[in-house]
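Just below is one structure, and these are the notes that go with it.
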Amino acid sequence: MNRPVTPLGNALWGGRFEAGPGAIMEEINASIDVDKALATQDIAGSLAHVAMLAETGIVSHEDAAAITKGLNQIAGEIAAGTFPFSRALEDIHMNIESRLKDIVGDAAGRLHTARSRNDQVATDFKLWVREALDALDEELLDLQRAFVERAEEFADTVMPGFTHLQSAQPITFGHHMMAYVEMLARDRGRIADARRRMNTSPLGAAALAGTAFPIDREMTAKALGFDGPARNSLDAVSARDFALEALAAASICAVNLSRFAEEIVIWCSSPFSFIRLSDAYTTGSSIMPQKKNPDAAELVRAKVGRIVGALNTLLIVMKGVPLTYSKDMQEDKPPLFDALPALSLCARASAGMVRDLTPNTEAMRKLAIKGHTTATDLADWLVREVGLPFRDAHHITGACVLAADKAGKELSDLTAEELAFVDPRITPAALEVLSVDKSVASRTSLGGTAPSRVREEAARWRAALWGDNS
């Protein structure tokens, strides 16, 4: 005997079920606490969808107008914080559709014609990720500009360059700043690549097989700013590699920012004292009055764990999910919702620290002289002026360094007589190349640390990053 259909559990899908979900099932199944972050994107997708349904004659213009008015009212309620979110309605899609029915009545039920929650959530998620990547690109652009500004300001400031965190050769602080401009350019390139590849619309793929309704997917794709519709309905609803790629790009960027943060921590430490940060980016100690800790940098350094962890989380979520949609994919959003805002905060904090820091030029120069950092310059002089093979010049310079160590001096402090004692072919003219200023000025090869090259690169990047507004 047929029983009357009674809505159970969730009125939007309960016709198939004779009993409501158990309490634990309801708890694990609900995602509204997370995906309500997609409210703006969900309404945008629904507005595009209903406009297309009216244009193609699938729903009447009267119903479409009522639905559109109701959706705009809901958008206002969400913006005002008065929207009645309900965990019993599972997710943002059902929350909005249920509220729409309260507002416009039965016409609300026509909105879901020719679509599924599968293509709906994929569309919403892509819109959210795309917007997050666009915002992140702007923040990384600002960070690049901050580095360029400091590079221009300190193009002549000598500091030690390190390998293995050991003094290697003198460089300029401006040159060091410009290194991060290049790194961030690659980060922004990866973000742009991820955005470009993800910019196809899943809307209209429906549950997995497309729809028999005469929809216009090009119309909805254009309305939502996509380059076009995704070409395979199975892939459209099941693909999350756009989210993985966004997290991969974010993870690499976070590692780059963490490396800079580590340098800030080192440079602020008492043994180095290369820079000072103001109170705006430091904190004190509850017990040691003298402490001024670079906590902003330390937190940037730490947040990479959350961001890389988010990538790992989503990789594991997706690794065994067959085509097309499975409920596993409800867990795709928390990693993104945590990681991309965290990276955004890191980018903004880094830009703040770059603009805030004050270089201690005296401390930088003092350490740039220590450690025989111009030894390579002497070896190059022997090659250039004496005509020795570099390996021979390297050996002779090493002997000079040993002599300096035994004398308790820096290589640059040795006299002409002391150098000639090691090898008589070293003339007083060699003393000139042992100056840290002469050393950095001589590194004029493309990409080198010479102040002239730093200014040249800063000008090139200024033109690229500011355009005609600089």
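The values are calculated or read from the model by the stated rules, or taken from the named source; none is laboratory data. Predicted model only: the values in this text are computed from it and were never measured. For neighbour counting, all protein chains shown are included, and Cβ atoms are generated from backbone atoms with ideal geometry for every residue, glycine included. The accessibility values were calculated without ligands, DNA or RNA, using every heavy atom of the protein model including side chains. Shrake-Rupley method; radii C 1.70, N 1.55, O 1.52, S 1.80 Å.
Quick notes on this structure:
- For the range 326-362 and the range 86-124, distance of Cα centres in Å: 33 Å
- Computed P(r) (all Cα pairs; the range 210-357; 5 Å bins; percent): 2, 8, 14, 14, 12, 12, 10, 8, 6, 5, 4, 3, 1, 1, 0
- Residues of type lysines that Lys126 reaches as a straight line, Cα spacing below 19 Å, ignoring anything fewer than 8 places off in the same chain: Lys36, Lys222, Lys327, Lys333
- Per-residue packing, averaged as other Cβ atoms within 10 Å, sorts the ranges 242-249, 219-226 into the order 242-249, 219-226, beginning with the highest.
- Extension gain (nm, one decimal) between Thr113 and Asp338, 0.36 nm per residue minus Cα-Cα: 77.7 nm
- Separation of the range 193-259 and the range 162-184, taken as the distance between their Cα centroids, equals 39 angstrom.
- The label point for Ile103 and the one for His61, both projected 7 Å from the Cα toward the Cβ, are 2.2 nm apart.
- 0 to 90° range, to nearest 10: angle between helix 39-55 axis and the chain longest Cα axis: 50 degrees
- Here's the picture: charge each Lys and Arg Cβ at +1 and each Asp and Glu Cβ at -1 in the range 24-111, and of Ile92, Ala30, Met52 the one pushed furthest to the positive end of that dipole is Met52.
- Label zone at Lys438, where the point sits 7 Å out along the Cα-to-Cβ direction: the range 156-172 residues whose backbone N lies under 15 Å: 170
- According to the calculation over all Cα-Cα pairs in the range 24-111, the P(r) per 5 Å bin from zero is 3, 15, 25, 23, 16, 10, 5, 2, 0 %.
- The share of accessible area on the range 223-368 that comes from carbon and sulfur is 55 percent, using a 1.4 angstrom probe.
- Projected label points at Ala420 and Phe213, each 7 Å from Cα along the beta carbon direction, are separated by 9.5 nanometres.
- Measure of compaction for the chain (Cα Rg per 2.2 N^0.38 Å): 1.36
- For the peptides 322-329, 182-189, the ranking by mean Cβ contacts within 10 Å, running from highest to lowest, is 182-189, 322-329.
- Cα-based helix-to-principal-axis angle, 92-104 vs the chain, degrees rounded to 10: 40 degrees
- Modelled FRET efficiency - R0 22 Å, Arg460 with Asp193, Cβ distances, 0.05 increments: 0.45
- Charge dipole (Cα centre; +1 on Lys/Arg Cβ, -1 on Asp/Glu Cβ; no other charges) of the chain amounts to roughly 340 debye.
- Where N is the number of residues in the range 371-462, Cα Rg divided by 2.2 N^0.38 Å: 1.20
- Extension gain, Asn293 to Asp392, is 30.9 nm, computed as 0.36 nm per intervening residue step minus the present C-alpha separation.
- Built amide H within the under 5 Å cut-off of Ala206, gap 5+: Ser116, Asp119
- Relative contact order (%) - the range 371-462, alpha-carbon pairs under 8 angstrom, separation at least six: 25 percent
- Ser273 paired with Thr427, simple spin-label distance in nm, labels 7 Å along Cα-to-beta-carbon: 4.2 nm
- Nearest 10 degrees, 0 to 90: helix 241-268 Cα axis against the chain principal axis: 30 degrees
- Under 30 Å from the Cα of Lys366 - lysines, other chains or at least 8 residues apart: Lys291, Lys292, Lys406, Lys409, Lys438
- Phe272 contributes an accessible area of around 50 Å² to the protein surface, as traced by a 1.4 Å probe with all chains present.
- Seen from Ser60, the other residues with C-beta closer than 15 Å to its C-beta sum to a net charge of -2, counting Lys and Arg as +1 and Asp and Glu as -1.
- For the peptides 33-41, 192-200, the ranking by mean Cβ contacts within 10 Å, running from highest to lowest, is 33-41, 192-200.
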